[in-house]
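Step one of this worksheet: look at the structure below.
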Amino acid sequence: MIKKLIIANWKMHYGPVKAGAWIRAFRRERLPKDMDIGVAVPHVSLPATHASLGRASVPLIGAQNAFWKSDGPFTGEISPDMLKELNVTFCLVGHSERRIHLGETDEMVAQKAAALQAAGIQPVICVGENETEHKKGETLKIVRGQLTAALSKIKTSGTSIIIAYEPIWAIGTGNACTPSDAKKMHEAIRELLNKKFGKAGQTMRIIYGGSVDAHNAAEYISTSHVDGVLVGSASLDPCAFGLLCRSAAIS
Ligand code: PGA
C-alpha cells in the first residue's frame, strides 16, 4: 500500500522570517502519523525553515524549482546539488505557473527531473491541461504528452519520483476537479508509469492538486489511485493546513 502524501506549496510566499514562524506554528499542530507531510519552500527560506524545524522530522522540506546543471555560468539559477546541501528531500518540477510565466518546456522539465533524481532529490513532476484543452476533451492526450516527455530521462533504479496531476483550470480557482475525474486521470497516469517502469511504476505516488482545502482533502485522499494532494492557497495558514492534514487522516 502506498503511504499517502500531503504537500504544501507556498509558491512565492514567505521569506525567511515568515517561513520560520510558519514552521514553528505548524510544529504545534497535532498531525496524523499514517501519512507523509511536506512543504515546498522558496529557495531563500530553506535555511530558516530548517532552523525552525530543529530535530523535528515533519514536515519534509522541499523546494519549488531547480536548474538541471550542477554548477556553471547560469546566473540566478540554483542546482540540485545546492539544494541537497540544504537537506531538501523533494522538489517540484514543471509547475504550470512556471510553464506559463517562465516558458518552461517539456524538455526543460525532463532535464530538471533527471538532474534532481541524479542528486538524490525526489522530483515532483507537475502535469495538467488548461481550460481550453479540458473543454475540447484533450486532457488525456495533453497529460500523456507532458508525462512521456518529462519521464524520458528518468531512471527506473534511481530515487523514486512523484507525479502531481494539476489541471490548470482548477489551480487557485476554487473550481476543483471532481474526485471521480481525478481518479480517471490517475488511473491513466498509473498505466503509463507501469508501462514505462514496470514494477517500480506501481509504487510511484500520483497526487492531485488544484483547489484542495480542508473541506475536500479527505475525499481526494480516500479516492483510489489518488496517493495524496498538493495544496497551494489552503496551506498558507499553518493552523488551517494542520486541520486539513487531520481531516484527511480521518477518512
Ligand atoms: P491551489 O494551488 O491549491 O491554490 O489551487 C495548487 C498548486 O498550484 O499547487
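Since every read-out is calculated from the coordinates, none of them should be taken as a lab result. In this text, all values refer to a predicted model and were calculated from it rather than measured experimentally. Here the Cβ positions follow ideal geometry from the backbone for every residue, glycine too, while neighbour counts run over all protein chains shown.
What does the charge count around residue 69 come to, taking other residues whose C-beta lies under 12 Å from its C-beta (Lys +1, Arg +1, Asp -1, Glu -1)?
Working: positive: 112; negative: 71, 77, 81.
The answer is -2.
Enumerate the lysines that residue 155 could reach by cross-link, defined here as Cα to Cα under 27 Å, with residues fewer than 8 away along the same chain left out.
Within the straight-line limit of under 27 Å, residue 155 reaches these lysines: 3, 4, 69, 84, 112, 141, 183, 184, 195, 196, 199.
Name the helices (complete DSSP H segments) of the chain with a Cα length along the long axis of 15 Å or more and a Kyte-Doolittle mean of at least -0.5, or state none.
On the way: long enough: 16-27 (16 Å, 0.09); 106-118 (18 Å, 0.08); 139-150 (16 Å, 0.52); 179-197 (26 Å, -1.02); 238-250 (19 Å, 1.38).
Helices meeting the span and hydropathy rule in the chain are 16-27, 106-118, 139-150, 238-250.
Grab the Cα-Cα distance for residue 30 and residue 246, subtract it from 0.36 nm times how many residues apart they are, and report the gain in nm with one decimal. Please report the intermediate quantities before stating the final value.
Numbers: separation 216, 0.36 × 216 = 77.76 nm, distance 0.76 nm.
So the extension gain works out to 77.0 nm.
Working out 0.36 nm times the residue gap between residue 2 and residue 225, then minus their Cα-Cα distance, what length gain in nm do you get to one decimal?
Numbers: separation 223, 0.36 × 223 = 80.28 nm, distance 0.96 nm.
Difference between extended and current length: 79.3 nm.
Quick one: net charge of residue 58's neighbours, Cβ under 10 Å, K/R +1, D/E -1? Kindly include the intermediate steps, with their values, before the conclusion.
Details: positive: 27, 33; negative: 29, 36.
Counting the neighbours of residue 58, the net charge comes to 0.
Can you give the local net charge around residue 180? Use residues other than it whose beta-carbon is closer than 13 angstrom to its beta-carbon, Lys and Arg +1, Asp and Glu -1. Before the final figure, lay out the partial values.
Numbers: positive: 183, 184; negative: 181, 187, 219.
Net local charge, residue 180 excluded: -1.
For a footprinting-style exposure proxy, rank 71, 34, 227 by other Cβ within 10 Å, fewest first.
Numbers: 71 10, 34 7, 227 24.
Result, fewest neighbours first: 34, 71, 227.
Between residue 202 and residue 71, how high is the FRET efficiency from 1/(1 + (r/R0)^6) when r is the Cβ-Cβ distance and R₀ = 41 Å? Nearest 0.05.
Details: r = 36 Å, r/R0 = 0.87.
E(calc), rounded to 0.05, equals 0.70.
Ignoring everything except DSSP H segments at least 4 long, calculate the 222 nm mean residue ellipticity for the chain; use -39,500 (n - 2.57) per segment, divide by total residues, nearest 500. Can you show the working numbers first?
On the way: 10 runs with 100 residues, N = 251.
Calculated mean residue ellipticity at 222 nm is -11500 deg cm²/dmol.
If I histogram all Cα-Cα distances within the range 5-249 using bins 10 Å wide from 0, what percent of pairs lands in each bin?
Here the calculated profile for the range 5-249 is 8, 34, 38, 19, 1.
Sorted from fewest to most neighbouring beta carbons within 10 Å, what does the list 222, 233 look like? Don't skip to the end; give the middle numbers.
Details: 222 13, 233 17.
Listed from fewest to most nearby Cβ atoms, that is 222, 233.
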